[in-house]
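Please read the structure below before turning to the comments.
The values are calculated or read from the model by the stated rules, or taken from the named source; none is laboratory data. Please read these numbers as outputs of a predicted model, since none were measured by experiment. Virtual Cβ from ideal backbone geometry, glycine too; neighbours counted across all protein chains shown. Quick note on the areas: whole protein, heavy atoms, side chains included, nothing else; ligands and nucleic acids left out. Shrake-Rupley method; radii C 1.70, N 1.55, O 1.52, S 1.80 Å.
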Amino acid sequence: MTDTTTHHRGRTGGWMIPTIDFSAPRHRAKFGYLLLAPAVLLMAVIIVYPILLSVSISMQDVRIARIGDSGEPWTLENYQWLFGSGETWHALWVTFKLVAVVGGLSVIIGFATAMLVNQKFRGRAAARLFVALPWAVPEVVATVIWAWMLDSSFGLVNWVLLTSGLVSEPIAFGSNPTAAFAAVCFVMIWKGYPLMSIMLLAGLQSIPEEQYQAAKVDGAGVWQRFWYITLPNMLPVVGVTMVMTTLWVFRDFAIIHVLTQGGPLGATTTLSILTFEQSFEFFRMGQGAAVGVLTMVLCAIISRAFVGRMAKSVH
């Protein structure tokens, strides 16, 4: 058995420089690791290092974080505040409510829209473009427009509701906690469901047409084809879509901050808003980092639960 590692004599004739033949079967895995190394190092610098830095700051009494400063002694006071503060549990409850409402309705509306534009009809290309428009608008620009439209004094939404007779007086979206939460949910659904529609439409188009034809021959109706063909084939795509929606709602800051700034009375204060408040309004960056670490852990747990459940349901 010959060794695929060869040696070449250097210019001085003394040292032997070993080289590896990556085309050999025994060294192909090494070649793959070599190609992945730059991407892994880049991810470590961009993703892993900031996460480790955030965990470190969350265990220090840091008011304003500065690069290059000597670190404070580690302590668990920030996490004692985190789990002992009513603000954290309230923000956690608001975040889960927002995830349930926005995530659930976005997936349902996106699924229905995807199935609609997946049908063959005149103007289907224009309809697909129209569905994707809200996602193409920059988030801050769209939120500012909606903030003007939802204004209680001269907003278009209140004018339409008053003119149609649905309400007898303007809705105070800025001062009523229930109305403010509903406004945030509506804007987030409007902004987020187009991406869900696009992803689910791609999943629908990947289902083989032969399955539907065979079901029709067997006499299956519309609901039977949906329940036994469309839904099982779409479960992996739905799982990924729900994970993306959950992560987006968890981390979204711009929509809530522009519309309500977390108010009124904390009705829209999510974990992301609480992180901003502690870090950049109260200058308690250690506590803000602790909230961020909690958010990261919850997102990882929820993502794993969604993906694992969808994978089991498919197999």
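Tabulated data for the structure shown
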read-out	value
Residue 56 being more than 14 Å from residue 285 (Cα to Cα), in a helix (DSSP H, G or I) and modelled with pLDDT of 85 or more	no
Wholly enclosed helices (runs of 4 or more DSSP H) of segment 213-273 bearing at least 2 residues more than 26 Å from the chain's Cα centre (by Cα)	222-225
Residues of segment 112-144 classified as surrounded by 11 or more Cβ atoms within 10 Å (Cβ to Cβ) and not in a helix (DSSP H, G or I), total	2
Meets criteria (open to solvent by 30 Å² or more (accessible area, probe 1.4 Å), within 20 Å of the chain's Cα centre (by Cα), β-branched (Val, Ile, Thr) and at pLDDT below 90) for residue 167	no
Odd one out for residue 147 among (1) loosely packed, with under 13 Cβ neighbours inside 10 Å; (2) farther than 23 Å from residue 96 by Cα; (3) touching a residue at least 60 places away in the same chain (Cβ under 8 Å)	(1)
Residues located in segment 199-228, provided they are within 18 Å of residue 113 (Cα to Cα) and open to solvent by less than 30 Å² (accessible area, probe 1.4 Å)	200, 201, 203, 204, 207
Selected residue (only one of 237, 258 is more than 16 Å from residue 118 (Cα to Cα) and β-branched (Val, Ile, Thr))	258
Some residue of segment 240-262 being among the small types (Gly, Ala, Ser), modelled with pLDDT of 85 or more and surrounded by 15 or more Cβ atoms within 10 Å (Cβ to Cβ)	yes
Subset of segment 79-91 (residues that are among the hydrophobic types (A, V, I, L, M, F, W, C) and surrounded by fewer than 19 Cβ atoms within 10 Å (Cβ to Cβ))	81, 83, 89
Filter result for residue 190 (in a helix (DSSP H, G or I), farther than 26 Å from residue 264 by Cβ and out of contact with any Ser or Thr (no Cβ under 7 Å at 6 or more places or on another chain))	no
Odd one out for residue 268, checked against (1) touching a residue at least 24 places away in the same chain (Cβ under 8 Å); (2) among the β-branched types (Val, Ile, Thr); (3) open to solvent by 20 Å² or more (accessible area, probe 1.4 Å)	(3)
Matching entry among 108, 67 (being modelled with pLDDT of 90 or more, farther than 27 Å from residue 266 by Cβ and out of contact with any Pro (no Cβ under 7 Å at 6 or more places or on another chain))	108
